[in-house]
Amino acid sequence: MSKNVTTINDTGSALKKRKKISRSSEIWMRMKSKKSAMIGLIIFSLLILVALSAGFLVDYQDDVVTPNIPERLQGPSMEHPFGTDSIGRDIMSRMIYGARISLGVAFAAVIFQVIVGTLIGAISGFYGGKVDDILMRINDVFASIPNLLLAITIATALGHSIINMIIAIGIAGTPSLVRIVRATVMSVKDQEFVEAGKALGGNDMQIIVSHLIPNCIAPIIVQGTLKIATAILATSSLSFLGIGIKPPTPEWGNMLSGGREFLRNAPYITVIPGLAIVTTILSINLMGDGLRDALDPKLKQ
Amino acid sequence: MSRYIFRRVLQLIPVILGASAIIFFILSYSNQDPVMMLLAGTDPTLEQIEMTRHQLGLDRPIWIQFFSYMGGLVRGDLGVSYSTGREVFKEYMLRFPATLKLAFWALFVSVLISIPIGIVSAIKQYSWFDNFGMTFAMLGVATPNFWLGLMLIILFSVQLGWLPAGGYGGLKFLILPAITLGTGQAGLATRMTRSSMLEVIRQDYIRTARAKGLSEKVVIIKHALKNALIPIVTVLGVQFGHALGGAMITETIFSWPGVGRLMIDGINKYDRPVVIGCVIMLCIMVSVVNLAVDILYAYLDPRIKAGYSK
């Protein structure tokens, strides 16, 4: 008798285990089967690796910010693979540090968006009624101002610093995330497991955190990934317009902008950071599309 | 239909007031001072600073400033620019024709690229052309406007010397900015055209049209495209509306004297009335184009028309 019970228990836990592995590995298998998504993932991972190891690869003071006038405006060579800029700094070193700034600001801004957006969206979707009305009207007003314009205004008002850029881009990108989380919460909040959670005596906050938000994880991951691309674009656009991160701090947008006066003699100053931005955004978009198809095959057309 | 339009215009009012209020408070609580901006380079005395502050009405409490501005707004008065002293609305209207021209030609470029590529990609799904089309669309979405603009300048102005790198005038000056803005828009529009067409060409009525013996051209253009147009028109409409509100980056690169530049200049000088005025006009442009698109739906799809008259 007791033997039987153990067997049943064993089978139960084995089933549970297998199911758990199969879900994540299923997503991974689907992602792996899409070549473009894997290319995106590999390129993006390499970029993150470069950004994280920037401190080991180059010396910030010597290579990145200190002018070296005698070597100014040199084209690409063995010593300077991407050439040097208008005051003789090595563009490759600046690109490597720039990756840290551009990606770092974008990641931080998206984390901001995800936290604030999920919270507002979940509360709005869960409570409905007046709370939903008020939060959504405010959200709509923010959404009615184009992202870039809102980010520019906030960044100008707060002043130029990396933290302020993160706040500006974070706020500007939040409204669309609120909408997505709210829609997902509304679609699951009447299902039985939420009812069960309530019946077990869970309070609103517990239900939101442990039942509703986990069901929004897939759309949040997909949107969050794609929003990193938007945030990188916004960061570089702001810096390009002279509103974002100021030189000598290297950021791809302000490096590109710095080359505008030398389009004739040193076009590479403008070309290279732009290529980096395009590659990054492309890799993120490929990865995000693949992730969306992998997490929710129903969405695939 | 007219009731529908009236209702939509009414819905616009809270959006405009809300957006104005947001921009007002963001700029008011900034740690920058428009007065110092205005007097920069003149080494002003304390008296001059206070004098200017008083003239601009910035010495009043923030709530008084807010309600007096909003009061003007309700009467249709967008206020006076701090830096030029001219009426914001006049200043805006002076710049608007340039923006309208750019937005229109960018839309033209975008339609010219996105619809043919999108249709052929959908018909020949997974062919080499589809791969090419989707790669183009992905690149279009991933390329920042400012970089594309500068690359076009390097190629066509600096290297080949065919077109001017910036300025405002005849068609010559229009080509590069229109391509820059239009190609950026085309990326999303191409993807939209493809996916919308893919959905439609699987429908039964397309098979019926083919079975009737209609030529492929008629099937695609008359039966498929017409039914696939709604999402495409929506995307194009949103993009056109935003371009009408001022393409800040494209206008900056090509020194195009449109409202996007007015907005950037206003932001850089903390010229609150100019920035709010531009944002309000932008909201109006986007809403008017969206409304026009919604009305266009009624012509594309009679079922939607029936829905409006309810």
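The values are calculated or read from the model by the stated rules, or taken from the named source; none is laboratory data. Computed from a predicted model, the values in this text were never measured in an experiment. Cβ atoms come from the backbone with ideal geometry, glycine included; neighbour counts cover every protein chain shown.
Miscellaneous remarks
Conditions (1) touching a Phe, Trp or Tyr at 6+ places or on another chain (Cβ under 8 Å); (2) surrounded by 17 or more Cβ atoms within 10 Å (Cβ to Cβ), marked per residue:
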position: A:130; (1), (2): no, no
position: A:136; (1), (2): no, yes
position: A:145; (1), (2): no, yes
position: A:151; (1), (2): no, yes
position: A:155; (1), (2): no, yes
position: A:161; (1), (2): no, no
position: A:175; (1), (2): yes, yes
position: A:189; (1), (2): yes, yes
position: A:195; (1), (2): no, no
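- Identity of the residue in the stretch A:220-242, free of Cβ contacts under 8 Å to residues at least 40 places away in the same chain and either within 23 Å of residue B:139 (Cβ to Cβ) or in a helix (DSSP H, G or I) (or both), that ends up nearest to the chain's Cα centre (by Cα): A:239
- From the list B:180, B:193, B:135, B:208, the one residue that fits, being free of Cβ contacts under 8 Å to residues at least 12 places away in the same chain, in a helix (DSSP H, G or I) and within 14 Å of chain A (Cβ to nearest Cβ), is B:135.
- Among all positions in the stretch A:126-136, there is at least one residue which is in contact with a helix residue (DSSP H, G or I) (Cβ under 8 Å, 6 or more places away or on another chain) and of a type in the set (D, E, K, R).
- Which listed residue, of A:262, A:240, is in contact with a Phe, Trp or Tyr (Cβ under 6 Å, 6 or more places away or on another chain) and either facing chain B (nearest Cβ under 10 Å) or surrounded by fewer than 24 Cβ atoms within 10 Å (Cβ to Cβ) (or both): A:240
- Given (1) away from every other protein chain (no Cβ under 11 Å); (2) touching a Ser or Thr at 6+ places or on another chain (Cβ under 8 Å); (3) at pLDDT below 90, number of the condition residue B:213 does not satisfy: (2)
- The stretch A:243-258, subset surrounded by fewer than 24 Cβ atoms within 10 Å (Cβ to Cβ) and in contact (Cβ under 8 Å) with a residue 24 or more places away in the chain, residue farthest from the other protein chains (Cβ to nearest Cβ): A:248
- Residues located in the stretch A:164-191, provided they are under 24 Å from residue A:205 (Cβ atoms), of a type outside the set (Asp, Glu) and without any contact (Cβ under 8 Å) to a residue 12 or more places away in the chain: A:187, A:191
- Residue A:201 being at positive phi, over 17 Å from the mean Cα position of the chain (by Cα), within 14 Å of chain B (Cβ to nearest Cβ) and surrounded by fewer than 21 Cβ atoms within 10 Å (Cβ to Cβ): no
- Residue tally, condition within 11 Å of chain B (Cβ to nearest Cβ), crowded, with 17+ Cβ neighbours inside 10 Å and not small (Gly, Ala, Ser), over the stretch A:279-301: 7
- Residue match in the stretch B:52-66 (condition: among the acidic types (Asp, Glu), over 16 Å from residue B:274 (Cβ atoms) and at pLDDT 80 or above): no
- Residue A:194, sole failed condition from (1) on the phi < 0 side of the Ramachandran plot; (2) without any contact (Cβ under 8 Å) to a residue 40 or more places away in the chain; (3) within 14 Å of chain B (Cβ to nearest Cβ): (3)
- Criterion: in contact (Cβ under 8 Å) with a residue 12 or more places away in the chain and surrounded by fewer than 19 Cβ atoms within 10 Å (Cβ to Cβ) - qualifying residue of B:228, B:247, B:292: B:292
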